[in-house]
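Here is the structure we will look at.
Readers should treat all values here as calculations from the given coordinates under stated rules, not as data from a laboratory. Keep in mind that this is a model prediction, so the values were computed, not measured. When we count neighbours, we look across all protein chains shown, and the Cβ atoms used for this are built from the backbone with ideal geometry, even at glycine.
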Amino acid sequence: MLFIVLIFAPVPDSARQIEGLFTLQRLVVESWTAKYCFNVPVRIIRFNRPFEGLRKDAWQIMDADFELVHTDRTAKIRRKDGKPFNCAAVELQQYTERPQADYFDFSAVSDGGASVFTGYFLSQVRVEDNWYDTILKAKYIGSEGEKAITREPGRLVEQFDYYGTQDPLETDGIVAVVDSALPANITSNITETISAVNALLAETFDFYPKEPYLVLIAADFKAFEGYSV
């Protein structure tokens, strides 16, 4: 008689990820909200990606029972009484200052829209005495009449999102939102270049992208201050 014994190794505590839902919503032109809800109670939400001034100058807690604490180059959200919680939210002002060796958080588009880099919203949470990474579903919601265009519409990941009324230019290999304030030849150059690269990759390596490239270009010339061409 053959006996089979199955032994299941426990998942190490350090590998655990906390799930939940992240919602980024544009209220008006320069006002936004970011809300976090987790499937277990947490004690602290910690943002590790540094950006001098971003969270200190442009983020504000929406519930008086919470506080946004700045330590070194990180920021933390917690309840003032130290109790665990499932949800917390901040109101954001559209912050367009230049970071040091990183991406702009917001870039204005001439039609009133904006490009948003979501990497600054990634977080860790403290559950009891341990810190965990988070894996969050996401909702991206524009203000009235706006659309939100994003590469991963259902998850919080590092990516650029577009909020606005402009329709994207779609081809087989690209979804592009190019600021109408830029010269028209920029759009055609971008689409032609990416199409040519895709054709070369397919012919040489039999490589085909699983999904079109998402390209967002905003004519926020503040991003180029201090540079010469």
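Measure off 7 Å from each Cα along the Cα-to-Cβ vector at L122 and Y208, then give the distance between these two points in nanometres to one decimal.
3.0 nm
Of F51, V29, Q100, which is farthest on the positive side of the dipole of segment 9-138, counting Cα position, with +1 on Lys and Arg Cβ, -1 on Asp and Glu Cβ, and the Cα centre as origin?
Ranked along the dipole, the leading option is F51.
For the chain, calculate the relative contact order in percent as a whole number, restricting contacts to Cα pairs under 8 Å that are 6 or more residues apart.
Computed over the chain, the figure is 20 percent.
I'd like the distance separating the alpha-carbon centroids of segment 109-132 and segment 34-104, in whole Å.
For segment 109-132 versus segment 34-104, the Cα centre distance is 9 Å.
Which angle from 0 to 90°, rounded to the nearest 10, does the C-alpha axis of helix 184-205 make with the longest principal axis of the chain?
70 degrees
Tell me, what does the Kirkwood hydrodynamic radius of the chain come to in angstroms if you use every pair of distinct C-alpha atoms?
Mean inverse Cα-Cα distance, inverted, gives 20.0 Å.
Just the projected area, averaged over all directions, of the convex hull on the alpha carbon atoms of segment 91-213: how many nm²?
Result: 10.9 nm².
Take segment 159-204, compute every pairwise Cα distance, and split them into 5 Å bins from 0; I just need the percent in each bin.
Once binned at 5 Å, the Cα pair distances of segment 159-204 give 5, 19, 26, 23, 16, 7, 3, 1.
For the chain, which span is the longest to avoid every loop-located (per DSSP) member of GluC sites (Glu not before Pro) having at most 12 other Cβ atoms inside 10 Å?
The longest such stretch corresponds to 145-224.
What pairs from K56/K139; K35/K56; K56/K147; K76/K139 go past 26 Å between their alpha carbons?
Among K56/K139; K35/K56; K56/K147; K76/K139, the Cα-Cα distance tops 26 Å for K56/K147.
What is the calculated FRET efficiency for C37 to A196, with r their C-beta to C-beta distance and R₀ = 30 Å, to the nearest 0.05?
It comes out at approximately 0.10.
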